Amino acid sequence: MTSNNFKFTRLMHFKYLSIFLILISFKSNSQIVEEKKNFRAADSLLKENSFSVHKDNYFLTGIPLDEPITRNSADVKYQVSFKLRLNSKPLWGGFFPYLMYTQKAFWDIYASSKPFSEINFNPGVAIVRPFYLKGGRLTYGSISVEHESNGRDSIYSRTWNMIAFSLKSQVSPRWIVGIRGWIPIVDKDDNPGLTQYVGYGEASATYQIKPGRWSADVLFRKGSGLINYGSLQTQLNWRPYKNENYYVTLQWFIGYTESLIDYQEHTNMVRIGFTIKPEGMGIF
C-alpha cells in the first residue's frame with residue numbers, strides 16, 4: 001500500500017469515527033444522560049426477552065432481473081439471527097452488553113444437486129445505550145466488534161472484521177431511521193479490494209404504511225468508490241395476523257456484497273417469502 005493510500009484510509013476511518021462521536025454527544029438537544037432513578041429508556045430493552053431476534057429472520061426465494069432465469073440462477077436465501085442480553089441491569093454509563101449472531105445462506109435449491117452456494121457467519125459482541133431524544137423519541141446507540149466470514153479456506157476464503165458504531169431512532173410514530181459506520185479490518189492478501197465493496201457505513205429506514213399490517217424497509221450501503229460499488233435493499237412487508245410476529249415479504253436487492261464469495265459481482269435479485277422481525281424497532 002502506498003503512503004498516500006494509507007493516509008487516505010486512515011482519514012476515512014477518522015472521519016466516520018468523528019461523525020459517530022459527534023452524533024452521540026449532542027447533549028444540548030437530547031436526554032442522553034438520564035438520572036439513574038429515571039432511566040426510563042432501559043424499559044424498552046428489559047421488556048424484551050434476554051434471548052431474542054436480532055436482525056430479520058427470513059426464508060425467501062427469487063429470481064435474477066439482469067440475466068436469464070434458469071435452475072441455476074434462481075435460488076433461496078435465508079437468514080437466522082439472534083441476540084442475547086447478558087445483564088438485566090445496565091453497566092456503567094447505562095450500557096447493556098449483548099452477544100449476537102447472524103447466519104445468511106444462499107441455497108441453489110432448483111439446481112439438480114441442490115447445493116449451498118454460500119453461507120456467511122457473522123458473530124459479534126456489543127454494548128447498547130438506550131436513551132430518549134427530546135419529544136420522547138426512543139433511540140439506541142451501540143458499539144460492536146464483529147467478524148464475518150464464509151468459513152472456507154484457500155482461494156474461496158472471505159473474511160473481515162469491523163469495529164462498528166450505530167444510532168437508531170424512532171423519529172416519529174411511523175418512521176424509524178438508522179445510521180451505522182464501521183472501521184473495517186481486512187486481510188488484503190486473501191480479499192483484495194473488499195473494503196471498496198463493503199465500504200464504511202450504511203443507512204436504514206422503516207416506514208409503517210399501515211401500522212400493524214404494512215411496512216417498508218430500505219437499507220443502503222455505500223462502497224468506498226466514488227460512483228460504483230455499494231448496494232440497495234428494499235422490502236415490502238405484510239403482516240397477516242396482528243397477534244403473530246411474522247410477515248410475507250417482497251425483497252429486492254441490487255448491488256454488491258450480498259454474499260461474500262461473490263463480493264466483486266453485481267447482483268440484481270427479487271425474492272418473496274416469510275420474515276420474522278425483531279419486536280419493536282430493533283437495536284441495530
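Pairing residues of the stretch 130-154 that are farther than 20 Å from residue 186 by Cβ and free of Cβ contacts under 8 Å to residues at least 60 places away in the same chain with residues that are surrounded by 14 or more Cβ atoms within 10 Å (Cβ to Cβ) and among the β-branched types (Val, Ile, Thr), at Cβ distances under 8 Å and at least 6 apart in sequence or on separate chains, gives 137/171.
Within the stretch 85-112, residues that are at positive phi sit with their Cβ atoms under 8 Å from residues that are basic (Lys, Arg), at 6+ positions apart or across chains, in these pairs: 93/129; 94/129.
Just so you know, in the stretch 212-254 the residues that are small (Gly, Ala, Ser) and in contact with a helix residue (DSSP H, G or I) (Cβ under 9 Å, 6 or more places away or on another chain) include one that is modelled with the lowest pLDDT, and it is 225. Would you check if there is a residue in the stretch 194-205 being under 25 Å from residue 134 (Cα atoms), modelled with pLDDT of 90 or more, open to solvent by less than 60 Å² (accessible area, probe 1.4 Å) and polar (S, T, N, Q)? Checked against the condition, which is being under 25 Å from residue 134 (Cα atoms), modelled with pLDDT of 90 or more, open to solvent by less than 60 Å² (accessible area, probe 1.4 Å) and polar (S, T, N, Q), the stretch 194-205 yields at least one hit. Considering the stretch 220-245, and only residues there that are charged (D, E, K, R) and under 17 Å from residue 276 (Cβ atoms), the residue that is least open to solvent (accessible area, probe 1.4 Å) turns out to be 239. When we screen 194, 260, 236 for residues that are in contact with a strand residue (DSSP E or B) (Cβ under 6 Å, 6 or more places away or on another chain), free of Cβ contacts under 8 Å to residues at least 24 places away in the same chain, among the hydrophobic types (A, V, I, L, M, F, W, C) and at negative phi, the only hit is 236.
Selection of the stretch 266-284 for residues being outside any strand (DSSP E or B), out of contact with any His (no Cβ under 9 Å at 6 or more places or on another chain) and either open to solvent by 60 Å² or more (accessible area, probe 1.4 Å) or among the aromatic types (Phe, Trp, Tyr) (or both) yields 266, 279, 280.
Look at (1) surrounded by fewer than 17 Cβ atoms within 10 Å (Cβ to Cβ); (2) out of contact with any Gly (no Cβ under 7 Å at 6 or more places or on another chain) and you find that residue 217 fails only one, number (1). If the condition is being part of a strand (DSSP E or B) and surrounded by fewer than 21 Cβ atoms within 10 Å (Cβ to Cβ), then the stretch 130-140 contributes 132, 133, 137, 138. Within the stretch 69-103, the residues that satisfy the criterion of being of a type in the set (Val, Ile, Thr) and either buried (at least 18 other Cβ atoms within 10 Å of the Cβ) or over 18 Å from the mean Cα position of the chain (by Cα) (or both) are 69, 70, 76, 102.
The values are calculated or read from the model by the stated rules, or taken from the named source; none is laboratory data. Keep in mind that what you see is a predicted model, and the values were worked out from it rather than measured. Here the Cβ is made from the backbone with ideal geometry for all residues, glycine too, and neighbour counts use every protein chain on show. Accessible surface areas use protein heavy atoms only, side chains included; no ligands, DNA or RNA. Shrake-Rupley method; radii C 1.70, N 1.55, O 1.52, S 1.80 Å.
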